[in-house]
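*Asks:* One structure, as structure tokens, below. Some questions next.
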Amino acid sequence: MQTLMIPEIGHYALVIAMLMAAVQGVLPLAGAATRRPLWMAYARPMAAGQLLFVAIAYACLTASYMLDDFSVTNVANNSNSMLPWYYKLSAVWGNHEGSVLLWSLLLAAWGYFASRFSRELPRDMVARVLGVLGLVGTGFLAFVLVTSNPFERLLPNVPGDGADLNPLLQDIGLIMHPPMLYMGYVGFSVVFAFAIAALLGGRLDAAWARWARPWTNLAWAFLTVGIALGSWWAYYELGWGGWWFWDPVENASLLPWLTGTALMHSLAVTEKRGAFKSWTLLLAIFTFSLSLLGTFLVRSGVLTSVHAFANDPSRGQFILMLLGITVGLSLLVFALRAPRVGHKVGFTWLSRDALLLINNILLVIMTITVLMGTVYPLLLDALGLGKISVGPPYFNALFVPLTLLLALFMGLGQVARWKQTPVSLLVSRLWLAAVGAVILGAALPLLFAERWSPAVAIGLIAALWIVLPILRDLFEKARNASSVGAGLKKLSLAYWGMQLGHLGVAVTIVGVAVVSNYSIEQNVRMAPGDSVEVAGYTFTMNELSSRQGANFLADRANISVQHGDSSRSFAMNPEKRLYLATRMPMSQVALRPGFLRDLYVAMGEDLGDGSWALRVQYKPFVRWLWLGGLLMAFGGVLAVADKRYRRLATARDPEARAAPAPGREASA
Amino acid sequence: MNRRLILLLPLAGFLALAVFLYQGLSLNPFHRESALMAREFPAFDLATLKEPERRVDRDLLTTGELTLVNVWGEWCPECKREMPQLLDLAERHDIRLVGISWKDTREKALGFLEEFGDPFEVNIFDPDNELAFELGVYGAPETFLVDGDGVIRYHHTGYIAPGDVTETILPEVEQWR
Amino acid sequence: MALMRLSRLLTTALVLLLVAGLAQAAAIEVREFDDPVLEERYRDLTASLRCPTCQNQAINDSDAPVSGDMRDRVYRLLMDGRADIEIRNHMVERFGDYVLYNPRLEGRTYLLWGLPAVLGLLGLVLVGLLVRARRNASNRELSAEERARLDALINRERTE
């Protein structure tokens, strides 16, 4: 149904939003520099206005989709009248133009909430933070309006129906993955703005760190969930059972996550010890820069990827310009105004400070490694040195050892004290964990798996090295109190957040180690009546049938599965679908999830003689991957759910807060 | 002073990266040079398309004359579109064209030539992807310029447009004659 | 002009892709192996060789015709008793270095393989320098006034 005005309203709303963002960007910053309260006062209302009008624009685009207005080019290219309504909703962000609009909406939203929850901040800081956010918003909205306008019309030749949403994207995973991811990417703009504000205003103290932490942790948590969702989605949607391919687009999301993790920890040190200020500022700039870089890589066409949006060099140029200005200016500001005199906090090798620094550096090395691997083909090509590929073998070879090192220092860092730790204390806290980790890590595969794998043993040792000290600490705290309950209740949310976050890392490591080494995959030909045995499960094909879905035709296999000698069986029904509008074939995997193992069946080809080629997979512990991610995200949020952040101390708070009270040790 | 320099490092690193990214925008990740550039045309022993009893091998391309080897198939729409250019090259510019009939049946291939024209001196019949695989062909059409000694000198991936004829093919032919 | 050529290349690439088949479904084919070691090698090889026409997929995962051809060739060479390195070289000779997901260690990739190690060393040095500098900085002298304040605070705490 063609609508008369809705897309135009959306378009105009975008223009207004951009103008407001521009005012939000320029006036408050100028006002802070020249001490003009009136100009600074524009920040908050403009932030609200920007959100309002971008939201209106977004609503208009969504309305166009829901109303099947195929006169709008974007709707015609990505939707279809037969598309279920919930996919029409998500199709809005399943394409380049809509997704950048979503980016802009989330950017405006974060900015608005930053303005809402900043009553206690000094006025010039608020002005600078919102000013920076306004400038970024202006850039993005300009990008949308100039190169990626979702409201373009196809008049007068309105197509009768749309081209349909890519079947791969017609899925719950797609509905959730991009918004979560963007919340993460965009969320880091807040701490980025805080960093620039601190540099411009010349004010960087523990209070600043305390203000910045909740925003950082929240963004990080969203990004963690977004990445986990993406991995999970690829796993069950793409039909090959893989969960990470080191694809450029995947790497683009991992890069800000790695530096974001470093940033989270660095902020903690800056808050508690007043140290690592420049480092924290730099990480804040890097993390958001990597978000922008990721946007560039994914949408410019410089790198080949299955996930990449249809590309256009002019868009690439615009984003690169945005990237160049934003990152270039920030790094210049950093170089010129980074704190010159650090409050020289002392620490020794065996201190929490040093160990956190080591892990920060490790995370940065991991970031540079992944970045290097991702852009290296481009580098060589630009230098005329030929075309090479850098894929999973390279990344795995480097990333895995680095992760193990990370785990090593995590275990140490968890029990170390700030400033310095006597070796005897470290040993007393860790010897049991070390012994336990090695013994359990080596023994568990022997006990529970068919064959022993050194890789799994190492992974388990690393994970246990992280987990056992956590358990020991909980045990100590419970033991030293009047009762277990009392002891545990005394622990702050921040403490729980830290432990959960680190536990999440350990869980993920276990998942990766086990599923990478103990997975079993078999390609088999099956006709009704045939059976195949994989990992102790018997898969029997009962029948092949056909069915018609909302917008597809499917061939379906009915398979019953039995475990070992058990008489109980359950059904798995994979399908091979043909989506009618696009004529695209798609494999709908049959998945039997479990805490300790997944069973996975995908249909391949009709072999013509009444049988089909099927891929049957046994994937042990694969859910632990994403469970770990969820734990990490949850932990990250808990770490700043502490009352002291909700109360948001004022600027008058002395720096003495930065150092912990003597005698009380390492809490989060 | 030292510290300032160190602080400028991230900016310097970023600028370097940005330069490469900018260059990357004008590159085409799909466009790859053939792995066989400046190497000898691979050995083969296959029948021809029109005369099944006649077999040809590498000697076909080492006659001292420059040859354009074109990989095509009846199933390939771009091959139909570039036929006028190939006919042009063969007839107007007097270039020797040898075709590789790829992944086709004889009937289909012959039908294609009847319908769209036959600029080829001879067609190597390669239904089982023997020769094409050795050439690293992964899609049709692809064209190789082979000099008189059987060395591959130029490789064109994909459709040959009229512009390509004048801009790249003819100059390369001139260069290697 | 260059832009036209570029867009034409892109279009051709697109057509090649379409002709090659939309590479979304995994390449599920049934291949017989008597020797599990060979099967394992086949799996590894097809997972680490890149499909030349796809947008970043290994040949074990792509439905493109060229991927199928390459898998056939890998199988044949394995049956002929060739070593992994020979099979990889075989593919590179025909399709270029592009098809190796594991980049070779050669002049142009020294930076790629070496950088993490170099960074690791630099990081170690950095931490070492920082720790050494800060170990000495922690002993700040208290001024007389601060000492007096400290005494007053301690006394107050004792009496409270």
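Computed from the coordinates by the stated procedures, all read-outs in this text should not be read as laboratory data. None of these values were measured; they are calculated from a predicted model. Don't worry about glycine lacking a Cβ; one is built from the backbone with ideal geometry, like all the others, and counts go over all protein chains shown.
*Asks:* Once Lys and Arg get +1 and Asp and Glu get -1 on their Cβ, which of A:Ala142, A:Pro122, A:His11 lies farthest toward the positive end of the dipole of the stretch A:1-170?
*Replies:* Farthest towards the positive pole: A:Pro122.
*Asks:* Using a 10 Å cut-off around each Cβ of peptide C:100-108, what is the average number of partner chain Cβ atoms that fall inside? Present the calculation step by step, with values, prior to reporting the outcome.
*Replies:* Working: counts 6, 10, 9, 10, 1, 0, 1, 1, 7.
Across C:100-108, the average partner-chain Cβ count within 10 Å equals 5.
*Asks:* What is the average number of partner chain Cβ atoms found within 10 Å of a Cβ in C:49-61? Spell out each step's value before the answer.
*Replies:* On the way: counts 2, 4, 1, 8, 3, 3, 10, 15, 8, 5, 0, 2, 7.
The per-residue average across the peptide is 5.
*Asks:* Lysines near A:Lys477 by alpha-carbon distance under 19 Å, same-chain residues fewer than 8 away left out - which ones?
*Replies:* Partners found: A:Lys489, A:Lys490.
*Asks:* Can you tell me which aspartates and glutamates have their Cα less than 13 Å from the Cα of A:Lys88? Leave out same-chain residues fewer than eight positions away.
*Replies:* Output for A:Lys88: A:Asp68, A:Asp69, A:Asp164, A:Asp171.
*Asks:* Okay, moving on. Rank the residues C:Tyr98, A:Tyr235 as a footprinting-exposure proxy: fewest other Cβ atoms within 10 Å of their Cβ go first.
*Replies:* Details: C:Tyr98 19, A:Tyr235 25.
Arranged by neighbour count, lowest to highest, C:Tyr98, A:Tyr235 become C:Tyr98, A:Tyr235.
*Asks:* What is the spin-label model distance, in nm, from B:Glu53 to C:Leu150 if the labels are put 7 Å beyond Cα along the C-beta direction?
*Replies:* 11.0 nm
*Asks:* Could I ask something else about it? Which lysines, if any, have their Cα less than 19 Å from the Cα of B:Lys103, not counting same-chain residues under 8 positions apart?
*Replies:* Those lysines meeting the cut-off are B:Lys50, B:Lys80.
*Asks:* Which are the unpartnered cysteines of the protein assembly as shown, meaning those with no other cysteine Cβ under 4.7 Å from their Cβ?
*Replies:* Those would be A:Cys60, since no other cysteine Cβ in the protein assembly as shown comes under 4.7 Å of theirs.
*Asks:* Next up: Computed over the Cα atoms of the stretch A:1-170, what is the convex hull's projected area averaged over all directions, in nm²?
*Replies:* Working: hull surface 39.9 nm².
For the Cα atoms of the stretch A:1-170, the hull's average projected area reads 10.0 nm².
*Asks:* Related question: Can you divide the C-alpha Rg of the stretch A:414-497 by 2.2 N^0.38 Å and report the result to two decimal places? Before the final figure, lay out the partial values.
*Replies:* On the way: Rg = 15.7 Å, N = 84, 2.2 N^0.38 = 11.8 Å.
That works out to 1.32 for the stretch A:414-497.
*Asks:* While we're here: State to the nearest 20 debye the size of the charge dipole of chain A about its Cα centre, where the only charges are +1 on K and R beta carbons and -1 on D and E beta carbons.
*Replies:* Values: 50 positive and 36 negative charges, 682 e Å.
The calculated dipole for chain A is roughly 3280 debye.
*Asks:* Next up: Report, to one decimal in Å, the Kirkwood hydrodynamic radius for chain A based on all distinct Cα pairs.
*Replies:* Numbers: mean 1/r = 0.0371 Å⁻¹.
Computed over Cα pairs of chain A, the Kirkwood hydrodynamic radius comes out at 27.0 Å.
*Asks:* Can you give the charge dipole size of the stretch A:1-170 about its Cα centre, rounded to the nearest 20 debye, using +1 on the beta carbon of Lys and Arg and -1 on the beta carbon of Asp and Glu? Can you show the working numbers first?
*Replies:* Numbers: 9 positive and 9 negative charges, 198 e Å.
I would put it at about 960 debye.
*Asks:* Something else about it: For peptide C:115-123, what's the mean number of Cβ atoms from other chains within 10 Å of each residue's Cβ? If you can, show how the numbers build up before the last one.
*Replies:* On the way: counts 7, 12, 2, 1, 8, 7, 0, 2, 7.
Per residue, the number of nearby Cβ atoms from other chains is 5 on average.
*Asks:* To continue, here is another question. Describe numerically, in nm with one decimal, the distance between label points set 7 Å from Cα along Cα→Cβ at B:Glu115 and at B:Asp45.
*Replies:* 3.5 nm
*Asks:* For the residues A:Val375, A:Val561, what sequence is obtained by ranking on other C-beta atoms within 10 Å, fewest first?
*Replies:* Working: A:Val375 22, A:Val561 19.
Exposure proxy ranking, most exposed first: A:Val561, A:Val375.
*Asks:* Which one of A:Val72, C:Ser48, A:Ile368 is farthest out on the positive end of the charge dipole of the protein assembly as shown, using unit charges on Cβ (Lys, Arg +1; Asp, Glu -1) and the Cα centre as origin?
*Replies:* Among A:Val72, C:Ser48, A:Ile368, the one farthest towards the positive end of the dipole of the protein assembly as shown is A:Ile368.
*Asks:* Roughly speaking, what % of Cα-Cα pairs in chain B are separated by over 30 Å, rounded to a whole number?
*Replies:* Working: 4198 of 15576 pairs.
Here the tail beyond 30 Å accounts for 27 percent of pairs.
*Asks:* With n ≥ 4 as the cut-off for DSSP H runs, can you work out [θ] at 222 nm for the protein assembly as shown, using -39500 (n - 2.57) per run divided by the number of residues, rounded to the nearest 500?
*Replies:* On the way: 31 runs with 578 residues, N = 1005.
Value at 222 nm, helices only: -19500 deg cm²/dmol.
*Asks:* Within the stretch A:421-452, which residues have the backbone N less than 14 Å from the label spot 7 Å out from A:Asp565 along Cα→beta-carbon, could you tell me?
*Replies:* Taking a point 7 Å out along Cα→Cβ of A:Asp565, no residue of the stretch A:421-452 has its backbone N under 14 Å.
*Asks:* Take B:His156, A:His177 and order them by how many other Cβ atoms sit within 10 Å, fewest up front.
*Replies:* On the way: B:His156 20, A:His177 25.
Fewest-to-most Cβ neighbours within 10 Å comes out as B:His156, A:His177.
*Asks:* Pop out the ³J(HN,Hα) list for the stretch A:521-526 in order, Karplus 6.51 cos²θ - 1.76 cosθ + 1.60 with θ = phi - 60°, rounded to Hz; leave Gly and Pro as x.
*Replies:* 10, 9, 9, 10, 9, 9
*Asks:* To continue, here is another question. Show me, for the stretch A:164-178, the HN-Hα J-couplings you get by feeding each phi into the Karplus relation (A = 6.51, B = -1.76, C = 1.60, θ = phi - 60°), rounded to Hz, glycine and proline as x.
*Replies:* Values per residue, Gly and Pro as x: 6, 6, 3, x, 4, 8, 8, 6, 4, x, 5, 4, 9, 4, x Hz.
*Asks:* At most 16 other Cβ atoms within 10 Å plus a DSSP loop assignment makes a site exposed; report the longest stretch of chain B without any exposed GluC sites (Glu not before Pro).
*Replies:* Details: sites that count: B:Glu33, B:Glu53, B:Glu65, B:Glu121.
Maximal segment without exposed cleavage sites: B:122-177.
*Asks:* Here's something else I'd like to know. With +1 assigned to the C-beta of every Lys and Arg and -1 to the C-beta of every Asp and Glu, and no other charges, what is the dipole magnitude of the stretch A:520-622 about the Cα centre in debye, to the nearest 20?
*Replies:* Using only the charged Cβ atoms, the result is roughly 360 debye.
*Asks:* Further, regarding this structure: Can you give the extra length, in nm with one decimal, that the chain gains between A:Leu578 and A:Leu383 once fully stretched, where that is 0.36 nm per residue apart less the Cα-Cα distance? All intermediate terms of the calculation are to be shown ahead of the outcome.
*Replies:* Details: separation 195, 0.36 × 195 = 70.20 nm, distance 4.34 nm.
My answer for the length gained is 65.9 nm.
*Asks:* Okay, next question. Are there trypsin sites (Lys or Arg not before Pro) in the stretch A:379-479 that DSSP puts in a loop and that have at most 15 other Cβ atoms within 10 Å, and which ones? List each step's numbers first, then the result.
*Replies:* Working: sites: A:Lys387, A:Arg417, A:Lys419, A:Arg429, A:Arg451, A:Arg472, A:Lys477, A:Arg479; in loops: A:Lys387, A:Arg417, A:Lys419, A:Arg451.
Taking the stretch A:379-479 and a limit of 15 other Cβ atoms within 10 Å, the loop trypsin sites (Lys or Arg not before Pro) found are A:Arg451.
*Asks:* Direction-averaged shadow area of the convex hull around the Cα atoms of the stretch A:176-233, nm²?
*Replies:* Working: hull surface 14.9 nm².
That works out to 3.7 nm², a quarter of the Cα hull's surface.
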